[in-house]
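The values are calculated or read from the model by the stated rules, or taken from the named source; none is laboratory data. Since the structure is predicted, the reported quantities are computational estimates derived from the model, not experimental observations. Note that we place each Cβ from the backbone using ideal geometry, even for glycine, and neighbour counts take in every protein chain shown.
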Amino acid sequence: MRWRPYADTNAGRSVLLLALLLASPPPSYAVPMTNDPKGYHNIAWGSALGSRTDVAVTRDGEHVKEYELKGVAPSLAEIPVDSVRLTSVDEQFARVIIRYKGEETHRRILAYLEQEFGPVERLPGQMMRGLNQQYNWRGPDSEINLTYQAATERGFIFIDSRTLAPRFNDQIADTAD
């Protein structure tokens, strides 16, 4: 009998899931999106990124591939960011992942997202400057999730196709054995 790490057991998976749930920010509610982008950078959801000449593969998996734009400094609305990754699942463009750092960059990005997609709901008693901030916008075809970790001054934006992004979960479930 070979040794199996604790995380390979069902109990280990349960502990890991519980830890992830406890570490995640409190749930937030999506604001209805006023201007659904239906993709990113003039690339529509579902497009075949592999056939484009303006992107380069950065991670090549069997079902999931990541790309970056060629010859373009990573930015969101002319705001410099650390990286912009376009992700496809089964050759269909389904997600954009943007990483950035710095409180000033976060402030500018949040202002842009509110201007472009609608203001976030500021409910009485809601903390807007907590350790973990999360904002969501949901449109008919797209969903945008921004998470900012104030302690490390790191931000993450996921812009997803609402119909294609759930396929990422299917790929995780198929390979988690």
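Could you tell me whether segment 91-98 includes any residue that is modelled with pLDDT of 95 or more and over 17 Å from N42 (Cβ atoms)?
yes
Can you pull out the residues in segment 50-77 that are closer than 15 Å to Y40 by Cα and of a type in the set (A, V, I, L, M)?
The answer is V55, L69, V72, L76, A77.
Considering only residues that are out of contact with any strand residue (DSSP E or B) (no Cβ under 7 Å at 6 or more places or on another chain) and at pLDDT 95 or above, which ones fall in segment 111-124?
Once the filter is applied, which keeps residues that are out of contact with any strand residue (DSSP E or B) (no Cβ under 7 Å at 6 or more places or on another chain) and at pLDDT 95 or above, segment 111-124 yields A111, E114, Q115, E116.
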